[in-house]
Each structure stands twice: as C-alpha cells, then as structure tokens.
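Below is a structure I'd like to ask you about.
Bear in mind these aren't lab numbers, they're just calculated from the coordinates by the rules spelled out. Just so it is clear, the structure is predicted and the values come from calculations on it, not from any experiment. Methodologically, a virtual Cβ is constructed for each residue, glycine included, from the backbone with ideal geometry; neighbour enumeration extends over all protein chains shown.
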Amino acid sequence: MKTNLLTVAVAGLMTLAPLAYADQHPDAQQRAALEKALTTAGYVSWGEIEMEHGFWDVDDARKELGSRQKFDLKVDPATMTVTEEKIDN
C-alpha cells in the first residue's frame, strides 16, 4: 500500500513539474540578458517573453523595424542563445 501511495505521489509531482515554469516571465536581470542576446542575434523588437518547457519563448521577434515578418523563438536560458526560430504566420 505504501509503495502504491508513493508511486501515485511521485507521478503527481512529475505531472505538475512543468507547470512551475508555465507563464514565468523574466525578472530584470534575465530580461537584460535576453535583450542583449536577442540584439546580438540580429533582432530589433519582440513581444512577450515567458518560460515554456525549460526555454524562454519569445513571441513576435522582428529583424527589421516595421517588418511584417515575425518569428517565434526559443532561447536556452543557460547559454542565452537562440535554439529555434519559426516564422510566425
């Protein structure tokens, strides 16, 4: 019985773990590092930034001011490098 209870408890915690990162916005220090990384990578503007699945998710990044072409980005929080770039339709 104790083993079953422990298994259920561990499974429940594993299910909730990703929620700890959901909708986490960067603090001032993280935002400054992200802005530097995005600017260095050639982006001039972007929208909302939040932590999703262990990566910073950057919405509506643009490489030119006024450009209609936008990108959704994933940024590795450990290295502050863009690891994924998808065109946002």
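Spelling out what I want: for every residue of the range 51-61, take phi, set θ = phi - 60°, compute 6.51 cos²θ - 1.76 cosθ + 1.60 (Karplus), and round to whole Hz; glycine and proline get x.
7, 9, 6, x, 10, 6, 9, 10, 9, 6, 6
Give, in whole angstrom and from largest to smallest, the semi-axes √(5λ) of the equivalent ellipsoid of the range 22-88, with λ running over the eigenvalues of the Cα gyration tensor.
Numbers: eigenvalues 65, 31, 23 Å².
Three semi-axes, in Å: 18, 13, 11.
Counting only residues 5 or more places away or on other chains, whose amide H sits under 5 Å from the amide H of Ser45 once H atoms are built in the peptide plane?
When sequence neighbours closer than 5 places are left aside, the close amide H contacts are Arg62.
Okay, next question. Taking the alpha-carbon distance from Lys74 and a cut-off under 15 Å, which aspartates and glutamates remain once sequence neighbours fewer than 8 residues away in the same chain are dropped?
Asp23, Glu35, Glu48, Glu50, Glu52, Asp57, Asp59, Asp60, Glu84, Glu85, Asp88
Give me the net charge for the shell around Met51: Cβ to Cβ below 9 angstrom, other residues only, Lys and Arg +1, Asp and Glu -1. Present the calculation step by step, with values, prior to reporting the outcome.
Details: positive: none; negative: Asp23, Glu50, Glu52, Asp57.
Here the count lands on -4.
Okay, moving on. Give the order of Arg68, Arg62 when sorted by the count of other beta carbons within 10 angstrom, beginning with the fewest.
In increasing order of surrounding Cβ atoms, one gets Arg68, Arg62.
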